[in-house]
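Structure first, commentary second.
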Amino acid sequence: MQILDGKALSNKIKENLKIENEKLKEKGLIPGLAVILVGEDPASQTYVNSKEKSCQAAGIYSKKITMDENISEKELLDTIKELNIDDKIHGILVQLPLPKHINSAKVLETIVPEKDVDGFHEYNVGKLVTGNETFVPCTPLGVMKMLEEYGINPTGMDACVIGRSNIVGKPMMNLLLNAGATITVCHSKTKNLKEKTLQADLLVVGIGKANMVTADMVKKGAIVIDVGINRLENGKLTGDVDFDSVASKCSYITPVPGGVGPMTIAMLLQNTVTSAKRFFETK
Ligand code: NDP
């Protein structure tokens, strides 16, 4: 069994981006990312701070906008519209979840697709489905990057994705399908889950339930990607896969922490730099 080391790969990507950004700076281009945080959810605050720190380390201009929990939807949309036309900003990210009185879909659609570095705008989702180049959601993109780094080609594989969210499961399904895998997507209504997972050469798990996937659900020699992040009562972070039992049965596995998580941020930075370069080329 080999560990897919997302931490090491993300560090390598961030280091390369830093070098690239130094060269872009000489040409007068500094990639910029705006992150909007509404409310004071502690987990969201941690994610936003970590994105800001990573931007700074990679030479990306980072603009953090914090808004009160009770702001109106219109105020948030107006802020996004200003960022849409701000030349210093090449990527706009709204940290989810948003307070209940705000329509998240409307918010995501207000970001211009050219600055939608999270890949959540329906235009970009459509381009992913049709197999065209676009901004792809960072977590599944990070998974693809890891597979590529370790020489794992999904073409012809039977892949099973557990989870059908717009940010993990569905884009993962589309990326693997575009890469030539045969896909089964499972979710909370799936019957006989184990029957499906046992067929998988590649199993991607994004459920949000600690240690739910156990060794008896995994085919011998499978590649197992654990997207889940769960905090146990003792404060420890763990994935959706029971790492200790599954590790001895599979060929490759991602740890939690240190697997998919760090790749997500690296892909966000990469998408922001790509957006800045496109902006520069079309100026
Ligand atoms: P969601 O809650 O939006 O989706 C969870 C999915 O899992 C749903 O499709 C749900 O099915 C399915 N599911 C729930 N219970 C079961 C079950 N018992 N059997 C089979 N399927 C089930 O979560 P996200 O997609 O946003 O996130 C999933 C996990 O990934 C979380 O742990 C999250 O923290 C983590 N995550 C990690 C990231 C990273 O950077 N590593 C980034 C984003 C998320 P249904 O649709 O029927 O409800």
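The values are calculated or read from the model by the stated rules, or taken from the named source; none is laboratory data. All of these numbers come straight from a predicted model, not from anything done at the bench. Here the Cβ is made from the backbone with ideal geometry for all residues, glycine too, and neighbour counts use every protein chain on show. Quick note on the areas: whole protein, heavy atoms, side chains included, nothing else; ligands and nucleic acids left out. Shrake-Rupley method; radii C 1.70, N 1.55, O 1.52, S 1.80 Å.
Listed values, structure above:
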{"item": "Matching residues in segment 225-245 - criterion: being more than 16 Å from the ligand (Cβ to nearest atom) and in contact with a helix residue (DSSP H, G or I) (Cβ under 7 Å, 6 or more places away or on another chain)", "result": "Ser245"}
{"item": "Answer residue from segment 90-137, given it is in a helix (DSSP H, G or I) and among the β-branched types (Val, Ile, Thr) and is least open to solvent (accessible area, probe 1.4 Å) among those", "result": "Val107"}
{"item": "Every residue from segment 182-204 that is in contact with a strand residue (DSSP E or B) (Cβ under 6 Å, 6 or more places away or on another chain) and not in a strand (DSSP E or B)", "result": "Leu193, Lys196, Thr197, Gln199, Ala200, Asp201"}
{"item": "Filtered residues of segment 1-30 (kept if part of a helix (DSSP H, G or I), touching a residue at least 24 places away in the same chain (Cβ under 8 Å) and of a type in the set (Lys, Arg))", "result": "Lys7, Lys14, Lys18, Lys25"}
{"item": "Boolean, Ser275 is in contact (Cβ under 8 Å) with a residue 60 or more places away in the chain and over 25 Å from Ala57 (Cβ atoms)", "result": "no"}
{"item": "Meets criteria (of a type in the set (D, E, K, R), open to solvent by 10 Å² or more (accessible area, probe 1.4 Å), under 17 Å from the mean Cα position of the chain (by Cα) and within 14 Å of the ligand (Cβ to nearest atom)) for Lys194", "result": "no"}
{"item": "Residue selected from segment 240-262 under the condition of a type in the set (Val, Ile, Thr) and part of a loop (DSSP other than H, G, I, E, B), by the criterion surrounded by the fewest Cβ atoms within 10 Å (Cβ to Cβ)", "result": "Val256"}
{"item": "Where a residue in segment 182-193 is in contact (Cβ under 8 Å) with a residue 24 or more places away in the chain and its partner, wherever it lies, is open to solvent by 100 Å² or more (accessible area, probe 1.4 Å) and within 6 Å of the ligand (Cβ to nearest atom), with Cβ under 7 Å and at least six apart", "result": "Val185/Arg164; His187/Arg164"}
{"item": "Search result, residues across segment 88-143 that are hydroxyl-bearing (Ser, Thr, Tyr) and closer than 17 Å to Glu75 by Cα", "result": "Ser104, Thr110"}
{"item": "Residue in segment 31-44 that is open to solvent by 70 Å² or more (accessible area, probe 1.4 Å), under 26 Å from Val273 (Cβ atoms) and touching a residue at least 24 places away in the same chain (Cβ under 8 Å) present", "result": "no"}
{"item": "Failed criterion for Val185 (all others in (1) touching a helix residue (DSSP H, G or I) at 6+ places or on another chain (Cβ under 9 Å); (2) open to solvent by less than 60 Å² (accessible area, probe 1.4 Å); (3) within 9 Å of the ligand (Cβ to nearest atom); (4) within 27 Å of Lys14 (Cα to Cα) hold)", "result": "(4)"}
{"item": "Complete set of residues in segment 205-224 that are more than 10 Å from the ligand (Cβ to nearest atom) and either crowded, with 21+ Cβ neighbours inside 10 Å or not in a helix (DSSP H, G or I) (or both)", "result": "Asn211, Thr214, Met217, Val218, Lys219, Lys220, Gly221, Ala222, Ile223, Val224"}
{"item": "The listed residue being in contact with an Asp or Glu (Cβ under 9 Å, 6 or more places away or on another chain), open to solvent by 10 Å² or more (accessible area, probe 1.4 Å), free of Cβ contacts under 8 Å to residues at least 60 places away in the same chain and more than 10 Å from the ligand (Cβ to nearest atom), out of Gly151, Gly156", "result": "Gly156"}
{"item": "Residues located in segment 266-283, provided they are surrounded by fewer than 22 Cβ atoms within 10 Å (Cβ to Cβ) and hydrophobic (A, V, I, L, M, F, W, C)", "result": "Phe279, Phe280"}
